[in-house]
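Peer 1: My structure is below; once you've seen it, I'll send some questions.
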Amino acid sequence: MSIDVIDEVPAQGGRPLEDGVGQAARSLPGMVYIPGGTFWMGSDHHYPEERPTHQVTVTDFWMDSQLVTNADFARFVEATGYVTVAERPLNPDDFPGANPALLVPGSLVFKKTLARVDLRDLTQWWFYTAGACWKHPEGAGSTWQGREQYPVVHVCFEDALAYANWAGKALPTEAEWEYAARGSLDRKVYVWGDEFAPGGKLMANTWQGEFPWQNLNTDGFEGTSPVGNFPPNAYGLFDMAGNVWEWTSDWYQERHEANGGKPCCIPVNPRGPATSDRSLDPCLPKVKIPRRVLKGGSHLCAPNYCLRYRPAARSPQAVDSGTSHIGFRCVVRP
């Protein structure tokens with residue numbers, strides 16, 4: 001089946017779907033039609049949270065061919081006056097015992113370390129930075145200007161959902177995202193196949209070198225990269241591996257639900273746990289902030305720390321927090 005990709009800006013409010021796959025695809029600017037099907041989701045060969053591999057069926061949908069960019073998000077903000085979570089004042093009642101002087105709007109920004117460090121302590125490379133938000137990716141004094149075609153970052157789940165609603169779209173489920181990322185290459189390690197760099201060619205913006213202190217920049221980027229800079233997958237979707245993590249609509253759970261592998265037992269359009277209770281972090285029982293599933297990995301993923309620029313990879317993220325390496329894209333369902 002041919003894939004239509006139209007590089008136009010999504011219109012506010014979306015558009016009604018039309019009969020016929022070709023016409024429907026043409027009616028959704030900037031999106032790719034993904035024909036439904038059954039695939040093997042997850043991996044039994046990498047991280048525990050990706051297990052067990054199981055079959056899942058998804059029905060047809062459309063997905064943004066590229067990540068939502070700074071320019072896209074700026075149009076949304078201009079049209080609605082929306083203020084992201086990272087820009088809003090903090091309520092001292094939500095942070096008992098904290099110094100009120102430190103409770104200022106901001107977000108987490110990655111900073112490379114100077115030497116090898118204990119990889120169990122992520123506070124050595126993640127820093128809460130006052131003023132950091134989508135408009136100021138590295139904090140006060142930085143700007144998104146000149147990075148219009150870079151993926152928007154420092155967006156929490158609420159921000160991504162607000163944009164999707166404005167655009168007449170939705171955030172993908174974890175199953176939809178993984179199915180689309182695989183591009184019909186079922187049970188392959190990477191979005192493009194089983195070889196990380198086929199023919200020596202780097203296929204995504206990831207970390208080369210030893211994380212978090214040595215970035216060789218073999219791919220040409222120290223941080224995020226403009227959308228569409230690396231080859232698309234077989235469906236015509238860009239940046240489905242690396243660059244920035246992407247929000248999905250599913251609540252996180254520690255492992256996938258298994259099924260019998262029989263046609264009668266294959267779930268159709270699964271959406272993860274029905275409630276947020278199972279998404280809470282068991283290692284932080286006092287923190288009652290639910291978590292959603294992130295997919296795709298980012299430019300900070302490295303073999304020695306986070307080999308997650310793979311379609312099966314998944315990560316939990318608190319819904320109230322964005323960072324300098326989390327973005328999103330949207331879908332439309334018939």
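Peer 1: Can you tell me how many residues in region 196-255 are within 19 Å of V152 (Cβ to Cβ), hydroxyl-bearing (S, T, Y) and open to solvent by less than 10 Å² (accessible area, probe 1.4 Å)?
Peer 2: Selection size over region 196-255: 2.
Peer 1: Taking the criterion of being more than 20 Å from A241 (Cα to Cα), free of Cβ contacts under 8 Å to residues at least 40 places away in the same chain and among the polar types (S, T, N, Q), would at least one residue in region 108-115 satisfy it?
Peer 2: No, region 108-115 contains no residue that is more than 20 Å from A241 (Cα to Cα), free of Cβ contacts under 8 Å to residues at least 40 places away in the same chain and among the polar types (S, T, N, Q).
This table checks each residue for (1) part of a helix (DSSP H, G or I); (2) closer than 30 Å to F238 by Cβ; (3) open to solvent by 50 Å² or more (accessible area, probe 1.4 Å); (4) in contact with a His (Cβ under 9 Å, 6 or more places away or on another chain).
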| site | (1), (2), (3), (4) |
| --- | --- |
| F73 | yes, yes, no, no |
| V77 | yes, yes, no, no |
| D93 | yes, no, yes, no |
| G97 | no, no, yes, no |
| L114 | no, no, yes, no |
| D118 | no, no, yes, no |
| Y128 | no, no, yes, no |
| S142 | no, yes, no, yes |
| G146 | no, yes, yes, no |
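Peer 1: Among A180, A167, which is the only one that is in contact (Cβ under 8 Å) with a residue 12 or more places away in the chain, aliphatic (A, V, I, L, M), open to solvent by less than 20 Å² (accessible area, probe 1.4 Å) and touching a Cys at 6+ places or on another chain (Cβ under 8 Å)?
Peer 2: After applying the criteria, what remains is A167.
Peer 1: So for region 259-269 (the condition being under 18 Å from E49 (Cβ atoms), in contact with a helix residue (DSSP H, G or I) (Cβ under 7 Å, 6 or more places away or on another chain) and open to solvent by 40 Å² or more (accessible area, probe 1.4 Å)), does at least one residue qualify?
Peer 2: Taking every residue of region 259-269 in turn, at least one turns out to be under 18 Å from E49 (Cβ atoms), in contact with a helix residue (DSSP H, G or I) (Cβ under 7 Å, 6 or more places away or on another chain) and open to solvent by 40 Å² or more (accessible area, probe 1.4 Å).
Peer 1: Just to check your reading of the model, which residue among R51, R15 is modelled with pLDDT under 95 and basic (K, R)?
Peer 2: On inspection, the qualifying residue turns out to be R15.
The values are calculated or read from the model by the stated rules, or taken from the named source; none is laboratory data. If you're wondering where the values come from, they're calculated on a predicted model, not measured in any experiment. Cβ sites come from the backbone with ideal geometry, for glycine too, and all protein chains shown count toward neighbours. Quick note on the areas: whole protein, heavy atoms, side chains included, nothing else; ligands and nucleic acids left out. Shrake-Rupley method; radii C 1.70, N 1.55, O 1.52, S 1.80 Å.
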